[in-house]
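S.K.: First the structure, then my questions, so here it is.
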Amino acid sequence: MAAVKQTVEHVESLEKYKHGFVTDIEQDFAPKGLSPDIVRFISAKKNEPAWMLEYRLDAYERWLAMDEPEWAKVYFPRIDYQDSYYYAAPKEKVGPASLDEVDPDILATYAKLGIPLREQEVLAGVKGAPRYAVDAVFDSVSVVTTFKKELAEAGVIFCSMSEAIREHPELVKKYLSSVVPVSDNYYACLNAAVFSDGSFVYVPPGVRCPMELSTYFRINAENSGQFERTLIIADKGSYVSYLEGCTAPMRDENQLHAAVVELIILDDAEIKYSTVQNWYPGDPETGKGGIYNFVTKRADCRGDRAKVSWTQVETGSAITWKYPSCILRGESSVGEFYSIAITNGRQQADTGTKMIHLGANTRSRIISKGISAGRSSNTYRGLVSAHPKAKGARNFTQCDSLLIGKTCAAHTVPYVEARNGQCVFEHEATTTKLSEDQLFYAMQRGLSQEEAVQLLVNGFVKDVLQELPMEFAVEAQKLVAISLEGSVG
Amino acid sequence: MSLATALKANDVTQLPSKRDEDWKWTDLRGLLRVLPPPSEPFAGEAPVGPFASLANLPIHVVNASDPFVIRSASVEPYVVALHFAALGGGSHSASAQVEVADGGHLILLESYEGDGADYVANLDLKITVGAKARLERIVLAADGAEGVSVSIAEVTLGAEAQFAQTVLTDGARRQRIETRVAHPGAGAAVRLDGAYLLAGKRHADLTTVVEHLGVDGTTSQLTKGVVRDQSRGVFQGRIVVAEGADRTDARMGHHALILSDKAEVDAKPELLIFADDVQCAHGNTIGAFDQDALFYAQQRGMPEEVARALLTEAFVGEVIDRIEHEGAREAARLWAAKGLGL
């Protein structure tokens with residue numbers, strides 16, 4: 001009964017997109033448009049060394065020569081890349097020395113979003129409440145990173161990307177773009193040229209990161225894109241769990257979010273990367289506005305017995321184009337992908353994963369749950385491949401799609417490439433609507449139709465929700481409820 | 001982009017390449033630098049093919065032919081054997097139409113044969129099956145090891161029509177057997193099966209597209225493959241359920257055994273669903289022999305070789321058992337036994 005009660009409570013708290021407010025703060029903008037000068041401007045704004053500027057300009061040159069990918073099942077008008085701001089930052093005289101110096105408006109925004117930026121607030125909470133360090137990115141810059149001292153004692157580096165470029169250039173130089181090459185794809189290349197901030201994590205050998213790390217991304221400024229870059233390195237035998245959340249105001253125009261996330265996992269290390277994506281999905285009736293979420297995420301299991309686990313809850317964005325992937329290079333390395341993708345209104349999602357088995361005895365597991373409602377379209381697209389050297393590779397894939405309503409669409413497009421005789425790949429997929437019998441049963445027990453749908457959906461996505469860290473699981477469950485609001489009846 | 005248009009225009013740039021999503025694993029552009037000239041008319045005794053003795057009407061074509069039409073209104077099962085032979089080099093084009101009238105019942109036993117020459121063969125079939133009509137199509141492809149062959153069948157089904165197909169192939173240098181089925185009529189039933197047994201450097205691509213456009217349609221699909229040596233098997237299956245095609249029930253299965261370290265299997269089982277009142281599922285497994293089954297058989301006193309042969313035969317046998325026409329089923333069994341070296 002506990003689960004039912006919880007669901008009922010969540011249904012009660014249903015509301016429209018609640019992060020759609022705008023924070024009115026003074027902002028620093030780069031001029032609209034994209035040119036080598038804008039790239040130089042961003043680099044200069046961040047006080048970057050010459051090698052970084054060179055890297056960006058090189059990426060910009062390559063980007064000019066590339067074409068936008070068109071193979072995904074998403075449809076949108078051509079993006080005018082000259083009609084967007086590539087840099088927007090909260091105005092400030094000097095960098096904040098402590099949290100107290102951060103613009104209180106920004107802090108209020110994060111408080112509205114429910115992010116415990118102030119350590120003391122977290123600490124003042126219930127005794128034994130989980131603590132996690134937060135890096136908050138507001139439009140183009142990281143405004144604050146918490147718990148730095150405590151992390152430093154453990155040897156963990158957790159800071160904004162621009163800080164890492166200044167303070168730890170040797171690590172950044174060594175690993176940046178080593179997983180997602182500069183010209184990997186159109187959006188990743190654009191990101192390399194104009195990325196403004198993001199998070200950087202380095203966990204030294206043998207260290208188990210003492211707390212969950214987390215980043216909140218917020219797009220606030222109008223007509224601006226967000227291009228953040230995250231780089232996480234788990235050195236030999238280390239472990240880190242990283243959470244990522246994102247929101248944006250409700251606006252009539254589309255905004256671009258083109259991020260790149262690179263994970264590097266060495267021998268016996270493990271990274272658990274969880275995302276709750278709740279960008280503004282656009283108006284459900286007209287499809288106006290909303291975020292274009294074109295993200296490249298890739299993990300490289302370089303060491304033997306390395307492990308990476310992607311968990312994502314995708315509820316927002318007008319368009320999602322995202323395939324968190326695992327390169328299983330080290331022997332006996334493990335890749336996991338757990339995903340819930342929910343589309344409602346006029347949202348379009350084309351998301352999935354790639355499991356590239358290169359090393360012997362590598363294993364991977366994909367659990368994907370797609371739910372489409374309204375007039376939306378939801379596509380799972382995934383690749384599982386085994387290189388001739390990946391003897392003993394194993395994969396299990398399960399993709400289930402649930403359709404709610406007559407006008408939505410759910411697609412499953414898996415690619416399987418087996419190039420040796422000692423691998424075992426299994427894949428199963430189903431597409432159905434909510435079972436009438438189950439709905440009837442739940443309603444006959446006294447639940448309203450919406451509550452009954454909620455209950456069944458919660459059961460449908462349970463396999464993935466239980467992979468999320470505790471504090472995210474609750475938030476994610478609520479999000480599932482909000483996203484499907486108004487999809488029945 | 002197709003082999004037919006490329007041959008017609010004699011233009012290699014019109015060949016499908018790996019940049020075309022539907023041809024990414026069967027690259028013709030990268031394989032053929034030049035297109036061979038159209039083949040000369042064949043003079044000599046034409047082979048009649050493996051199904052001639054089973055048929056009411058045997059038809060055979062050597063190399064190329066002008067378009068021709070087969071029409072059947074017979075309510076009793078009527079058997080047509082259609083044999084296409086590729087003898088000698090050059091490019092061979094053939095096309096035919098098959099029409100089954102409302103309420104008719106046709107069995108189409110199709111076979112391909114190729115010699116050792118490096119030919120390029122293209123076959124286009126247009127098949128219409130009328131309301132409440134039945135068609136069972138068996139394709140037995142025995143192309144030459146140096147041949148490049150593409151066969152594309154477009155099938156349109158009337159209301160409550162039944163279409164059953166089994167494709168059996170041992171591949172070619174590059175081979176694609178594509179079937180596109182549309183059922184705009186309500187209540188159509190489709191069975192689309194296939195088996196590929198590949199060795200050497202052979203390549204076989206079984207591609208199917210089923211579009212459910214009417215209500216109450218069913219599709220049952222089972223493809224199995226065994227690849228050895230340096231061969232490559234490709235399976236692409238797409239099931240589309242259009243908006244309003246309610247109560248569709250579609251199942252797709254593809255299972256492949258890789259018996260060598262240099263062989264390869266690529267699969268893309270796709271579901272594109274635009275209606276909500278549907279039951280659709282696909283399963284796909286690719287891998288080595290089940291070691292437990294092998295151990296069990298050996299532990300019962302069977303030598304390893306025999307155990308392997310028996311397990312492989314049983315694996316492929318599931319597809320062959322679903323063939324309805326008895327004579328064709330027996331021919332398929334012989335084909336499998338030969339292909340598996342039993």
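The values are calculated or read from the model by the stated rules, or taken from the named source; none is laboratory data. The structure presented is a predicted model; accordingly, all values stated were derived computationally and were not measured. Here the Cβ positions follow ideal geometry from the backbone for every residue, glycine too, while neighbour counts run over all protein chains shown.
S.K.: Quick check, is A:N378 at pLDDT 90 or above and either of a type outside the set (V, I, T) or outside any helix (DSSP H, G or I) (or both)?
M.R.: yes
S.K.: Give the residue, chosen from B:V227, B:V241, B:V319, that is surrounded by fewer than 24 Cβ atoms within 10 Å (Cβ to Cβ) and among the hydrophobic types (A, V, I, L, M, F, W, C).
M.R.: B:V319
S.K.: Which of the residues that make up the stretch B:196-211 are touching a residue at least 40 places away in the same chain (Cβ under 8 Å) and of a type outside the set (G, A, S)?
M.R.: Matches in the stretch B:196-211: B:L197, B:L198, B:K201, B:R202, B:H203, B:D205, B:T207, B:V210.
S.K.: Next question, about the same structure. If we keep just the residues of the stretch B:219-246 that are within 11 Å of chain A (Cβ to nearest Cβ) and among the charged types (D, E, K, R), which is farthest from A:K433 (Cα to Cα)?
M.R.: B:D229
S.K.: Continuing with the same structure: Would a scan of the stretch B:150-171 turn up a residue that is farther than 27 Å from B:G130 by Cβ, more than 10 Å from the chain's Cα centre (by Cα) and not in a strand (DSSP E or B)?
M.R.: yes
S.K.: Just the residues that are in a loop (DSSP other than H, G, I, E, B) and closer than 20 Å to A:S368 by Cβ, please, taken from the stretch A:408-424.
M.R.: A:C408
S.K.: Residues of the stretch A:256-307 being assigned to a loop (DSSP other than H, G, I, E, B) and farther than 22 Å from A:V480 by Cα, which ones?
M.R.: A:A258, A:A259, A:L266, A:D267, A:D268, A:A269, A:R302, A:G303, A:D304, A:R305, A:A306
S.K.: Still on this structure, please answer the following. When only residues in the stretch A:275-294 that are touching a strand residue (DSSP E or B) at 6+ places or on another chain (Cβ under 9 Å) and charged (D, E, K, R) count, which is farthest from A:Q312 (Cα to Cα)?
M.R.: Here the residue is A:K288.
S.K.: For the stretch B:257-342, which helices (runs of 4 or more DSSP H) that fit wholly inside it have 2 or more residues that are of a type in the set (V, I, T), in contact with a helix residue (DSSP H, G or I) (Cβ under 8 Å, 6 or more places away or on another chain) and more than 7 Å from chain A (Cβ to nearest Cβ)?
M.R.: In the stretch B:257-342, B:304-321 are the helices (runs of 4 or more DSSP H) which contain 2 or more residues that are of a type in the set (V, I, T), in contact with a helix residue (DSSP H, G or I) (Cβ under 8 Å, 6 or more places away or on another chain) and more than 7 Å from chain A (Cβ to nearest Cβ).
S.K.: Now a separate question. Checking B:S260 against (1) among the polar types (S, T, N, Q); (2) surrounded by 20 or more Cβ atoms within 10 Å (Cβ to Cβ); (3) more than 16 Å from A:N395 (Cα to Cα), only one condition comes out false. Which one?
M.R.: (2)
S.K.: Within the stretch B:122-140, which residues are of a type in the set (A, V, I, L, M, F, W, C) and without any contact (Cβ under 8 Å) to a residue 40 or more places away in the chain?
M.R.: Those that are of a type in the set (A, V, I, L, M, F, W, C) and without any contact (Cβ under 8 Å) to a residue 40 or more places away in the chain: B:L123, B:L125, B:I127, B:V129, B:A133, B:L135, B:V139.
S.K.: In the list A:R394, A:R375, A:R419, which residue meets the criterion of being within 7 Å of another protein chain (Cβ to nearest Cβ) and surrounded by fewer than 22 Cβ atoms within 10 Å (Cβ to Cβ)?
M.R.: A:R419
S.K.: For residues in the stretch A:266-275 being under 12 Å from A:Y242 (Cβ atoms) and either crowded, with 24+ Cβ neighbours inside 10 Å or of a type in the set (S, T, Y) (or both), which is modelled with the highest pLDDT?
M.R.: Only one residue fits best here, namely A:I271.
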